[in-house]
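Q: Take this structure first; my questions come after.
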Amino acid sequence: MEERVCDISRLGMGGRPSPVLSSNLSLFATELAVPWLWYFVLDRFRAEVVTMFTIEGFIESCRKAIVASDAERVIRELVTEAVSDPSSVVRAMPERRHAGLEAVHRSAELTVLDFAWAPWMSFKPHDHAMWSIVGIFTGREVNVFWRRTPNGIEAAGARSLGVGEVTLLGRDIIHSVVNPIGKLTRAIHVYGGDFFAPPRQRSEWDPETQHERPWDLEDTRRLFAEAEARAS
């Protein structure tokens, strides 16, 4: 009996005792003599031995994945796994009181951003000049997809993303974003390059005239601030 208790308390900890399991196992110590309760105990504490989401661990996994030939697929799986437990992501990420984009990792090969869309915010059409993956962990965002025409762009489709949902955007995708709800929407954005210094000139389009122009980061920050001010 004592040997079994010791085995469980070390599950998932590389041989080190789990303080969560050790403190709770005493509640079941006398019941372990019944074989079927052994499986009940394992199921009861399964969540306690699973590694929780951390931004440091997530970034390290993405850094390893970015060198793979199918980096987009692998990183999409990482983002999907992360936002499948949105409360864990919320706990790991710094609290956000304001809309905007915050870099949690930036390199020439990989950027990870914490996006916070202001309530009811509508954001201009733009491209990225690199692939990107979006995973929602609070709120909802609606992506409108655009295609080029001889005179500018035209709407070509849309997709609404809720908590736990993920989308992969190709290098040449043009999209705009709407937060359709009255609270912040937050998402993990992963880019296959340096978001702030793309490999080629990025574009954005005037929301009214739909005329193309160079992407403007300062205008982007201004739009976030204005959207937040309107919502407050």
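Just so you know, all these numbers are worked out from the coordinates, no wet-lab data involved. Keep in mind the model is a prediction, meaning the values are calculated, not measured. Quick reminder, even Gly has a Cβ in these numbers, built from the backbone with ideal geometry, and neighbours come from all protein chains shown.
Q: Give, as a single signed number, the net charge of other residues whose beta carbon lies under 12 Å from the beta carbon of residue 96, with Lys and Arg counted +1 and Asp and Glu -1.
A: Details: positive: 97, 183, 186; negative: 95, 102, 114, 228.
That sum, taken over residues with Cβ under 12 Å, equals -1.
Q: Could you go through the stretch 64-72 in sequence order and give the Karplus-derived ³J(HN,Hα) for each residue, using 6.51 cos²θ - 1.76 cosθ + 1.60 with θ = phi - 60°, rounded to whole Hz, and x for Gly and Pro?
A: Along the stretch 64-72, the couplings run 6, 6, 5, 8, 6, 5, 10, 4, 4 Hz.
Q: Quick check: net charge around residue 136, other residues with Cβ under 10 Å of its Cβ, Lys/Arg +1 and Asp/Glu -1? Working shown, then result.
A: On the way: positive: 140, 186; negative: 141, 165.
So the environment of residue 136 carries a net charge of 0.
Q: At residue 151 and residue 222, where each label point lies 7 Å from the Cα along Cα→Cβ, what is the point-to-point distance in nanometres?
A: 2.7
Q: Further question on the same structure: Expected output is a single nm value to one decimal: the length gained when fully extending between residue 56 and residue 106, i.e. 0.36 nm times separation in residues minus the C-alpha distance. What is it?
A: Length difference between fully extended and current span is 16.7 nm.
Q: A follow-up question, please. May I ask you to list the GluC sites (Glu not before Pro) in the stretch 86-134 that are in a DSSP loop and have at most 12 other Cβ atoms within 10 Å of their Cβ? Display every interim value, and only then the final one.
A: Values: sites: 95, 102, 109; in loops: 95, 109.
Sites meeting the loop and neighbour criteria: 95.
Q: Normalised by the residues of the stretch 138-177, what does the relative contact order come to in percent, with Cα pairs under 8 Å and at least six apart?
A: Working: 55 pairs, mean separation 19.9, N = 40.
Relative contact order for the stretch 138-177 comes out at 50 percent.
Q: Quick check: residue separation of residue 80 and residue 159 times 0.36 nm, minus the Cα distance between them. What number comes out in nm? Each step should come with its number before you reach the end.
A: Numbers: separation 79, 0.36 × 79 = 28.44 nm, distance 1.66 nm.
Once the chain is fully extended between residue 80 and residue 159, it gains 26.8 nm.
Q: So, R0 is 45 Å and r is the distance between the beta-carbons of residue 88 and residue 172; what FRET efficiency does that work out to, to 0.05? The partial results should precede the final answer.
A: Values: r = 33 Å, r/R0 = 0.74.
About 0.85, to the nearest 0.05.
Q: Quick check: convex hull over the Cα atoms of the stretch 76-232, volume per residue in Å³, rounded to an integer? Intermediate results must be reported in sequence, preceding the final value.
A: Details: hull volume 16.4 nm³, N = 157.
It comes to 105 Å³ per residue, whole-number rounded.
Q: Moving on. Neighbouring Cβ atoms within 10 Å as the yardstick, rank 181, 136 fewest first. Mind showing how you got there, number by number?
A: Details: 181 16, 136 25.
With the fewest neighbours first, 181, 136 line up as 181, 136.
Q: If each residue's Cβ is checked for other Cβ atoms within 10 Å, how do 140, 91, 148 rank with the fewest at the top?
A: Details: 140 18, 91 12, 148 15.
Going from least to most buried by this count: 91, 148, 140.
Q: Let me ask you something else. Add +1 for every Lys or Arg and -1 for every Asp or Glu among the other residues with Cβ under 13 Å from the Cβ of residue 76, and state the total. Spell out each step's value before the answer.
A: On the way: positive: 73; negative: 70, 72, 77, 81, 165.
Spelling it out: positives minus negatives among the neighbours equals -4.
Q: Based only on other Cβ atoms within 10 Å, what is the fewest-to-most ordering of 120, 205?
A: Values: 120 14, 205 21.
Final ranking by Cβ density, sparse to dense: 120, 205.
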